[in-house]
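Down below is the structure, laid out as structure tokens.
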Amino acid sequence: MPAFIRHPKDFWSGIIFILFGLAAVVIGQDYEMGSAGRMGPAYFPTALGIMLALVGAASTLRSFFRKGEPIGRLYWKELIIVLVAVLLFGTLVREAGLLVSAILLIFISSYASRQFNLKKSVLLAIGGAVFAIVLFVKLLGLPMPIIGPWLGGN
């Protein structure tokens, strides 16, 4: 790491924020922007992407002036477990439903923790799934199947 980067964690997190923010702006270019009064599909991702890139720029700039600790080791096993859980959720949510997908997402992700406890993880998964169903399906009215076609739902 170059000597002028005094806080590597801030530097790399800022770079990641900038990349994700700019990606949102670039992807949003394919859609209609609209105006503040009549927002088009590109308005929110573009505005959020710009703000995320600005936060990233501030973090990267701050890394040159503030002293910080070096980046520790990457926890590959844990990172892969959480990534698999998220990909599994995205794959299953339409066919198995939100209930099964959310339970699997939370349970598998909790397995990545060093303090994994089977009983607590099951309770958390069930509670999180019920919360997701109440929030997204019942209160917000999102068209997600609670129980998917694979399990006999709609």
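About the centre of its Cα atoms, region 76-151 shows a dipole size close to 200 debye [charges on the beta carbon of Lys, Arg (+1) and Asp, Glu (-1) only; nearest 20 debye].
One Cα centroid belongs to region 54-83, the other to region 99-115; the line between them spans 24 Å. Farthest towards the positive end of the charge dipole of region 76-151, among the residues Ala85, Phe136, Ile106, is the Cα of Ile106, using unit charges on the Cβ of Lys, Arg, Asp and Glu.
Per residue, the convex hull spanned by the Cα atoms of the chain amounts to 169 cubic angstrom.
Listing Leu151, Leu139, Leu52 from fewest to most neighbouring C-beta atoms within 10 Å gives Leu139, Leu151, Leu52.
About its Cα centre, the dipole of region 20-125 is roughly 540 debye, where the only charges are +1 on Lys and Arg Cβ and -1 on Asp and Glu Cβ.
Checking every one of the trypsin sites (Lys or Arg not before Pro) in region 23-115 against DSSP loop status and a limit of 14 other Cβ atoms within 10 Å picks out Arg38, Arg66, Lys67, Arg73, Arg94, Arg114.
Shown here for region 18-99: GluC sites (Glu not before Pro) in loop regions (DSSP other than H, G, I, E, B) with at most 16 other Cβ atoms within 10 Å, namely Glu32, Glu95.
Each value in this text was obtained by applying a stated rule to the coordinates, not by laboratory testing. Note that the structure is predicted; figures quoted are calculated from it, not measured. Note: ideal-geometry Cβ built from the backbone for every residue, glycine included; neighbour counts use all protein chains shown.
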